[in-house]
Amino acid sequence: LTPVVCSAAMASVYAMAEKVAHAKLPILLQGETGVGKEVLARAIHAAASHGMHPLRSINCGAIPAQLLESALFGHEQGAFTGATERRPGVFEEAQAGTVLLDEIGELSSAAQVARLRVLEERQVRCLGGTRDIEVKARIIAATHRDLEEMVRQGSFREDLLFRLNALTLAIPPLRERREEIVPLAERFIQRAGVSKTLSQPLIDWMMDYDWPGNVRELRNVVER
């Protein structure tokens, strides 16, 4: 589905995304939880690849550290206990498409070093492997964290931030683009496959509420 873009702020973000879609520079998407970072990443990917190459997404904060390397880089058969066959990682699977590293701010220090090598050398080596694999995919990173503040605190590598933010797109929270609340709610009703309309009292409540969970919270409320 096409993104819902009704506000000047979001129109500006998507206009810039369209301009840079065909560049291979890494893109950093910043915004509060639930604002639509993955939706924007998919729009950038669609504009760049026209469906010719895959998008592979991984949530860096949802996968245990001991499994993250395998998920990103893949592994050879016998690389560790339970590795009964070779499996490619997301960088290899994406081919010339897009890799979305969601919640990049949750990476451990060791994992940050590994990501920096990918960005600098454009190569990965799967666990147990002996050869480097060229990374052709465009890399998009997303976070709700303030990475510059994390750099000042020493919990995020400055050199990795410099590599990631060749271009930064900041997505405003839903409370700053209230003209999109009703169209988004109507979209979620449509996707639910039910014939419902929003009453005026409900619309008034939606417009007055600040939606701390942003679009994700709105979707959950509509579905519930």
* Asked: Given V215, V221, which one is without any contact (Cβ under 8 Å) to a residue 40 or more places away in the chain, under 23 Å from the mean Cα position of the chain (by Cα) and in a helix (DSSP H, G or I)?
  -> V221
* Structure fact -> Among the residues of segment 136-149, the number that are surrounded by fewer than 22 Cβ atoms within 10 Å (Cβ to Cβ) and either charged (D, E, K, R) or at pLDDT below 95 (or both) is 5
* Structure fact -> By residue number, the members of segment 92-149 that are over 23 Å from Q66 (Cβ atoms) and part of a helix (DSSP H, G or I) are E120, E121, L147, E148, E149
* Residue within segment 63-86 that is surrounded by fewer than 18 Cβ atoms within 10 Å (Cβ to Cβ), modelled with pLDDT under 90, among the basic types (K, R) and not in a helix (DSSP H, G or I) present -> yes
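Yes/no per residue for (1) within 30 Å of R178 (Cα to Cα); (2) acidic (D, E); (3) in contact with a helix residue (DSSP H, G or I) (Cβ under 8 Å, 6 or more places away or on another chain):
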{"residue": "L25", "(1), (2), (3)": "no, no, no"}
{"residue": "E38", "(1), (2), (3)": "yes, yes, no"}
{"residue": "S49", "(1), (2), (3)": "no, no, no"}
{"residue": "A65", "(1), (2), (3)": "no, no, yes"}
{"residue": "E69", "(1), (2), (3)": "no, yes, yes"}
* Take the residues in segment 1-53 that are part of a loop (DSSP other than H, G, I, E, B) and of a type in the set (D, E, K, R), then tell me which one is nearest to the chain's Cα centre (by Cα). => E32
* Look through segment 187-209, keep the residues that are open to solvent by 80 Å² or more (accessible area, probe 1.4 Å) and either part of a loop (DSSP other than H, G, I, E, B) or acidic (D, E) (or both), and return whichever of them is nearest to V35 (Cα to Cα). => D208
* Structure fact -> Considering residues that are part of a helix (DSSP H, G or I) and surrounded by fewer than 16 Cβ atoms within 10 Å (Cβ to Cβ), the number found within segment 150-161 is 4
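The values are calculated or read from the model by the stated rules, or taken from the named source; none is laboratory data. The structure displayed is predicted, hence computed values, not measured ones. Reconstructed Cβ throughout: ideal geometry from the backbone, glycine too, with neighbour counts over all protein chains shown. Ligands, DNA and RNA are stripped out before the accessible areas are found, and what is left, the full protein with its side chains, is counted by its heavy atoms. Shrake-Rupley method; radii C 1.70, N 1.55, O 1.52, S 1.80 Å.
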